[in-house]
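Working notes, beginning with the structure itself.
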Amino acid sequence: MAIVEMSKIKLMGVNAHKEKILDALYKTGCVELAETEEFADTFRVSSSESIDEISALHDEIGRVIDFYTEIIEKSKNKKYYPKNAASFKNFFLSYDEFIRSESKKAAVLDTVKKARGFIEELSFFKAETGKLVNFNNGLAPFLSVNEKFSDFCDTKTTKVFFGTVNKDEIPKIEKGFSELGAINFTVLSESQVSVVLAVAHRENAQAVADVLSAGEFSACSYKFDCTAKEKIAENNGKIQEFSEREEEIYIEVCKDADALKDLKIFYDYYGFILEKEREKGNFSCTASTFILEGFVPTEKTAEVENAVHMVSDAVFIEIAAPKEDEPVPTLLKNNFIVRQTEFVTDMYSTPNYKEKDPNKAVFFFFMLFMGVIMADIGYGIIMIALGLFLASRIKVDNGTRRLWYNIAIGGFFAVIFGILFNSLFGLSVLPFSVLPSPVPPGGGQEPTGLMTILLCCLALGVLQIAFGYFMKALNLFKSGDIAGGIFDGLCWVLFFIGFVFASFNFLVNYLMPKGFENMNAGVKNFFDTAAMPGLIVMLSALLLASVTAGRKEKGFGKVSKSFGAVYGLISIFSDILSYARLFGLMLSGMIIATTFNRIGSDLFASGAIGYVFGGAVILIGHTFNIAMGVLGAYIHDSRLQYIEFFGKFYTGEGNKFKPIGSDLKYIYVTK
């Protein structure tokens, strides 16, 4: 029973015990709450104000956590970097410790207040530093001017024009001033943006302004009683002060890094409180009682009832089967090995509660195909070692950990197929070879070996697609559609069985004439004898499936559905051809391995230095090959599950079972 049977729980309790009951349900980890049916004389409790308040604090703690995390991460190469920083990422906490988190509220709020001050300071420093840097950039053209800005001022009889122009405009300005006469024009700093000074009598001021304006003159707005160099030095001093204070804040945060643990605990605790408050809005209430509903695994109903009765004796619990049309959450229960591939299925869609769990089949075919693609003893051993090592470093059962376990299990299958193909890092080292290698020693291509492996890969496709229709039959039987299970599922399984027996000798003879000649006489005679019965079964199953395809339609729909079922054979055989990618990926990996081996061995022959370069080529080549091989195997293997396999039977779109309080971000609560 991979998909756990669920029951509907309905609980009525007194309002005074509401919190204790919800905490008890959380402790069991077995109850997902749902919106409660409204009854006569009941009402919903609106708690929007408390939710807003809790949500605001929850969000602010989240921002402080991000702030602390960012500061600590930026301090990684500093002396004050906290040595125990890694322990603050994710950690385990007992249920009692988690529930008592409220006692840390005062300390957490002090940390939040202090962090808020740090954040405001750093924001101010960043803004002011940006302004000062821009200010310095504006002062840069005046660096070579040794006079104070305040020196460039008007007198009673003269008008001073001090500012910048584009270097290319200077000749134009000089020409304009030569026509006016009695103008003192000086270029104080010549660069692309040049600093110029023009002094003229007041009666000529307008004419001078017109000439400068035509030359795109920009008047200097600075009136400081200092030079540009002195002002920039002053600004840099302020920037340095900001930087030093910023460093002090970094040091203070890192010294207070232990507070990050309490912040994360309190964040998840208040997330739990927030969830409870929101769930309360789904309860039906009276003045003194409340009613909640939810889902619980049937095997855990007694545990849940006992947990509730331990905290309240004023409670009534009713356990019943879910209604037929009611959406029920999905909880999977598989052994440790199969559980590792659940995330492969979940990336496509969580299984629907009303269908069979496909994960056992996904595990078998996913690992089998990964083994076929990698098909090397050495690569498999590396996958096992690397996968187990990296998985062991992750203490939480999440998707990343399962991914590494998948690679390790896939490595086991790669070792098996590596033995069958007699391949160790692309070399033949065993005294036997069960399967013909697509890339035999010497690098030549032997058609019999190629076609045999290609045919085997297509046969795996037939097997998986046929099993997909078998799964479809099981799902239809489970839903009570017996006719659908027979005509839409089992008929196609029989079609594939008949197809294998009817076409086996023909395909082997056509694709591998030499192999057919060497085939065991008993095997050949068996399939010769079975060809006609197989053909009869195949055609009978196809006829039955097509005739019954339109059984639920009316009028012309019956004919079109029947025709569509036969026409669908094109899609089915197209899906089977998709499994040739197993052969292509395996072949490319073997060719790359043997190519790097050949290059390395050629370099070995060139002497001592050749051993260095040859070893490097082989090491880098095989590292690249295994990395690309595992990536390609994962992507294309998943594609075969999602499109060719799931397309035949899988409904999906289920809702994963989420017990109250399970959506925690940083901590993992143990009972």
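The values are calculated or read from the model by the stated rules, or taken from the named source; none is laboratory data. Remember, predicted model here, so these are calculated numbers, not experimental data. Here Cβ is always computed from backbone atoms with ideal geometry, including for glycine, and neighbour counts include all displayed protein chains. The area values use the complete protein model at the heavy-atom level, side chains included, leaving out ligands, DNA and RNA. Shrake-Rupley method; radii C 1.70, N 1.55, O 1.52, S 1.80 Å.
What to note about this one:
- Residue check, Val311 in contact (Cβ under 8 Å) with a residue 60 or more places away in the chain and buried (at least 18 other Cβ atoms within 10 Å of the Cβ): no
- Filter result for Val64 (at pLDDT 75 or above, out of contact with any His (no Cβ under 9 Å at 6 or more places or on another chain) and of a type outside the set (Ser, Thr, Tyr)): yes
- Among (1) open to solvent by 30 Å² or more (accessible area, probe 1.4 Å); (2) charged (D, E, K, R); (3) touching an Asp or Glu at 6+ places or on another chain (Cβ under 9 Å) - the single one Lys648 does not satisfy: (1)
- Helices (runs of 4 or more DSSP H) contained in the range 16-119 and holding at least 2 residues touching a Phe, Trp or Tyr at 6+ places or on another chain (Cβ under 7 Å): 18-28, 48-74
Residue by residue, here is whether (1) open to solvent by less than 20 Å² (accessible area, probe 1.4 Å); (2) more than 23 Å from Glu247 (Cα to Cα); (3) modelled with pLDDT under 90; (4) out of contact with any Gly (no Cβ under 8 Å at 6 or more places or on another chain) holds:
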residue: Glu32; (1), (2), (3), (4): no, yes, no, no
residue: Asp41; (1), (2), (3), (4): no, yes, yes, yes
residue: Arg44; (1), (2), (3), (4): no, yes, yes, no
residue: Ile54; (1), (2), (3), (4): no, yes, yes, yes
residue: Asp59; (1), (2), (3), (4): no, yes, no, yes
residue: Asn84; (1), (2), (3), (4): no, no, yes, yes
residue: Leu93; (1), (2), (3), (4): yes, yes, yes, yes
residue: Asp96; (1), (2), (3), (4): no, yes, yes, yes
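- Pairs where the first residue, in the range 251-265, is within 16 Å of Arg63 (Cβ to Cβ) and open to solvent by 10 Å² or more (accessible area, probe 1.4 Å) and the second is small (Gly, Ala, Ser) and part of a helix (DSSP H, G or I), C-beta under 7 Å, 6+ apart: Asp262/Ala107
- Candidates Pro431, Pro441: the one that is modelled with pLDDT of 75 or more, part of a loop (DSSP other than H, G, I, E, B) and either within 22 Å of Met374 (Cβ to Cβ) or open to solvent by 50 Å² or more (accessible area, probe 1.4 Å) (or both) is Pro431.
- Taking first residues from the range 482-501 that are more than 16 Å from Gln464 (Cβ to Cβ) and partners that are outside any helix (DSSP H, G or I) and of a type in the set (D, E, K, R), the Cβ contacts under 8 Å between residues at least 6 apart in sequence or on separate chains come to Ala483/Arg551; Phe487/Arg551.
- Residues of the range 584-609 that are more than 15 Å from Asp376 (Cβ to Cβ) and either open to solvent by 40 Å² or more (accessible area, probe 1.4 Å) or under 43 Å from the mean Cα position of the chain (by Cα) (or both): Gly584, Arg598, Ile599, Gly600, Ser601, Asp602, Leu603, Phe604, Ala605, Ser606, Ala608, Ile609.
- Meets criteria (in a helix (DSSP H, G or I) and either touching a Lys or Arg at 6+ places or on another chain (Cβ under 9 Å) or among the hydroxyl-bearing types (Ser, Thr, Tyr) (or both)) for Ala483: yes
- Residues of the range 207-222 that turn out to be in a loop (DSSP other than H, G, I, E, B) and more than 57 Å from the chain's Cα centre (by Cα), as a count: 1
- Residue in the range 110-130 that is closer than 30 Å to Gly29 by Cβ and surrounded by 13 or more Cβ atoms within 10 Å (Cβ to Cβ) present: yes
- Hey, Asn136 open to solvent by 70 Å² or more (accessible area, probe 1.4 Å) and of a type in the set (S, T, N, Q) or not: no
- Identity of the residue in the range 370-403, open to solvent by less than 20 Å² (accessible area, probe 1.4 Å) and within 23 Å of the chain's Cα centre (by Cα), that ends up farthest from Tyr666 (Cα to Cα): Met370
- From the list Ile337, Ile373, the one residue that fits, being out of contact with any strand residue (DSSP E or B) (no Cβ under 7 Å at 6 or more places or on another chain), farther than 16 Å from Tyr405 by Cβ and touching a residue at least 40 places away in the same chain (Cβ under 8 Å), is Ile373.
- Residues located in the range 618-644, provided they are buried (at least 20 other Cβ atoms within 10 Å of the Cβ) and among the hydrophobic types (A, V, I, L, M, F, W, C): Ile618, Ile626, Val630, Ala633, Leu640
- Residue in the range 350-363 that is in contact with an Asp or Glu (Cβ under 9 Å, 6 or more places away or on another chain), assigned to a loop (DSSP other than H, G, I, E, B), of a type in the set (Val, Ile, Thr) and surrounded by 15 or more Cβ atoms within 10 Å (Cβ to Cβ) present: yes
- Extreme residue, most open to solvent (accessible area, probe 1.4 Å), among residues of the range 140-189 that are among the β-branched types (Val, Ile, Thr) and in contact with a His (Cβ under 8 Å, 6 or more places away or on another chain): Thr157
- Flag: Ala580 matches the condition of being within 18 Å of Phe369 (Cβ to Cβ), open to solvent by less than 50 Å² (accessible area, probe 1.4 Å) and modelled with pLDDT of 90 or more.
- With respect to the conditions (1) touching a helix residue (DSSP H, G or I) at 6+ places or on another chain (Cβ under 7 Å); (2) within 21 Å of Ile381 (Cβ to Cβ), Gly614 falls short on a single one, namely (2).
- Residues of the range 307-330 classified as within 30 Å of Asn15 (Cβ to Cβ) and assigned to a loop (DSSP other than H, G, I, E, B), total: 10
- Of the residues making up the range 196-249, those that are open to solvent by less than 30 Å² (accessible area, probe 1.4 Å), in contact (Cβ under 8 Å) with a residue 60 or more places away in the chain and not polar (S, T, N, Q) are Cys220, Cys226, Ala228, Lys231, Ile232, Ile249.
- Failed condition for Asn15, given (1) over 22 Å from Ser288 (Cβ atoms); (2) open to solvent by 30 Å² or more (accessible area, probe 1.4 Å); (3) among the polar types (S, T, N, Q); (4) at pLDDT 90 or above: (1)
- Among (1) within 16 Å of Leu33 (Cα to Cα); (2) of a type outside the set (Val, Ile, Thr); (3) open to solvent by 10 Å² or more (accessible area, probe 1.4 Å), the one test that Phe290 misses: (3)
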